[in-house]
Amino acid sequence: MEFVKRLSTSEAKYKYLGLTKHAREEFPPKDQIFKLKFKNKTYDFKVNNKDCIMFSQLYHVYQFVEGDEVRITKNKDGSFELSVNYQRNM
């Protein structure tokens, strides 16, 4: 599974990623911890009751901005990896 989304203004400002209904099915149930690897470190995350993943704990590593393309890949072992392709407005 691979989920790709460009961050909206509110997602970047409030440090979250809203999941689509189809993508939500690939993640663990609400409030269940899952591992997400980002920049060679693994973090504990969960999906909240609004089907969002809060990214605030990653802001010391990367400052998300509107237009960043966020890609979450689910590995065969059930772990997840996050990558970001930034698209800064020129």
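Only the coordinates and a few stated rules stand behind these numbers; no lab work does. A quick note: this is a predicted structure, and the numbers were derived from the prediction, not measured. A quick note on method: Cβ atoms are made from the backbone with ideal geometry, for glycine too, and the neighbour counts reach across all protein chains shown.
In order along segment 58-69, the Karplus-derived 3J(HN,Hα) couplings, from 6.51 cos²θ - 1.76 cosθ + 1.60 at θ = phi - 60°, round to 8, 5, 6, 9, 8, 8, 5, 9, 3, x, 4, 8 Hz, and Gly and Pro are given as x. In this structure, the amide hydrogen of PHE64, modeled 1.01 Å from its nitrogen in the peptide plane, lies closer than 5 angstrom to no residue at least 5 positions away or on a different chain.
Amide H contacts for TYR16 (H built 1.01 Å from N in the peptide plane; partners 5 or more residues away or on another chain; cut-off under 5 Å): PHE55.
Coupling constants for segment 12-21 follow from the phi torsions by the Karplus curve (6.51 cos²θ - 1.76 cosθ + 1.60, θ = phi - 60°), and in residue order they are 5, 5, 9, 6, 9, 10, x, 8, 6, 4 Hz; glycine and proline get x. Annotation: the antiparallel percentage among DSSP beta bridges lying fully within segment 2-85 is about 90. Here's how it looks for TYR43: its modeled amide H is under 5 Å from those of LEU36, LYS37, PHE38, which are all 5 or more places away or on a different chain. Highest mobility in the GNM of the chain, judged by mean-square fluctuation with C-alpha springs under 10 Å and restricted to GLU25, GLU66, GLU11, is found for GLU25. In a fully extended conformation the segment linking ASP44 and ARG71 would gain 8.0 nm over its present Cα-Cα distance, using 0.36 nm per residue.
Sorting MET54, MET1 from the fewest to the most surrounding beta carbons within 10 angstrom yields MET1, MET54. Contact order for the chain, expressed relative to its length and based on alpha carbon pairs under 8 Å spaced 6+ residues apart, stands at 36 percent. Residues LEU7, LEU82, ranked from the fewest to the most other C-beta atoms within 10 Å, line up as LEU82, LEU7.
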